[in-house]
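Down below is the structure, laid out as structure tokens.
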Amino acid sequence: MGFGEAISTNLSKITDFTGRASRPEFWWWILAIWILNLIVSLISGGWRGGSGFLWFIGWVISIILVLATLAVGCRRLHDTGKSGWFQLIYLIPCVGWIIMIFLFVQPGTAGDNQYGPPPAS
């Protein structure tokens with residue numbers, strides 16, 4: 001799965017917390033989110049405490065992207081045979097992100113698992 005296909009797949013499943021997501025689908029999405037957040041922050045003045053309509057639109061976009069990222073993270077964890085609730089590990093100070101990166105880079109379960117058939121790569 002390439003960059004464009006990962007973006008379109010995740011935008012079509014923006015609130016879908018069921019099923020499975022492959023590693024490329026997840027990591028291409030993360031790259032796109034980082035790039036888009038940088039662009040939105042630069043335009044809206046988010047880093048310098050911007051104000052006004054552009055700042056508000058930037059926050060709305062960020063909230064939507066967080067929801068989509070939680071959904072693809074849940075599907076990625078499903079691919080490894082884990083519950084999407086494991087994302088609560090993010091809340092552990094300092095080490096939560098490290099643990100989650102470790103979980104996200106794990107290979108998916110071969111064949112079907114309790115969350116469905118393997119994702120199309």
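The values are calculated or read from the model by the stated rules, or taken from the named source; none is laboratory data. Values in this document were obtained by computation on a predicted structure and should not be read as measured data. Positions of Cβ are backbone-derived with ideal geometry, glycine not excepted, and every protein chain shown enters the neighbour counts.
Would you check which residues across segment 1-12 are touching a residue at least 24 places away in the same chain (Cβ under 8 Å) and either under 18 Å from S83 (Cβ atoms) or not in a loop (DSSP other than H, G, I, E, B) (or both) and list them?
F3, A6, I7, N10, L11
Could you check W59 against (1) surrounded by 17 or more Cβ atoms within 10 Å (Cβ to Cβ); (2) more than 20 Å from A120 (Cα to Cα) and say which number it fails?
All conditions are met except number (1).
Let me confirm something: among G19, G81, G111, which residue is touching a residue at least 24 places away in the same chain (Cβ under 8 Å), part of a loop (DSSP other than H, G, I, E, B), on the phi > 0 side of the Ramachandran plot and exposed (fewer than 15 other Cβ atoms within 10 Å of the Cβ)?
The conditions single out G81.
Go through I7, I98, I30, I89 for me and flag whichever is modelled with pLDDT of 90 or more, aliphatic (A, V, I, L, M), out of contact with any strand residue (DSSP E or B) (no Cβ under 7 Å at 6 or more places or on another chain) and under 19 Å from A120 (Cα atoms).
I30
Which of the residues belonging to segment 33-56 are at pLDDT 80 or above and surrounded by 15 or more Cβ atoms within 10 Å (Cβ to Cβ)?
If the condition is that a residue be at pLDDT 80 or above and surrounded by 15 or more Cβ atoms within 10 Å (Cβ to Cβ), then I33, N37 are the ones that fit.
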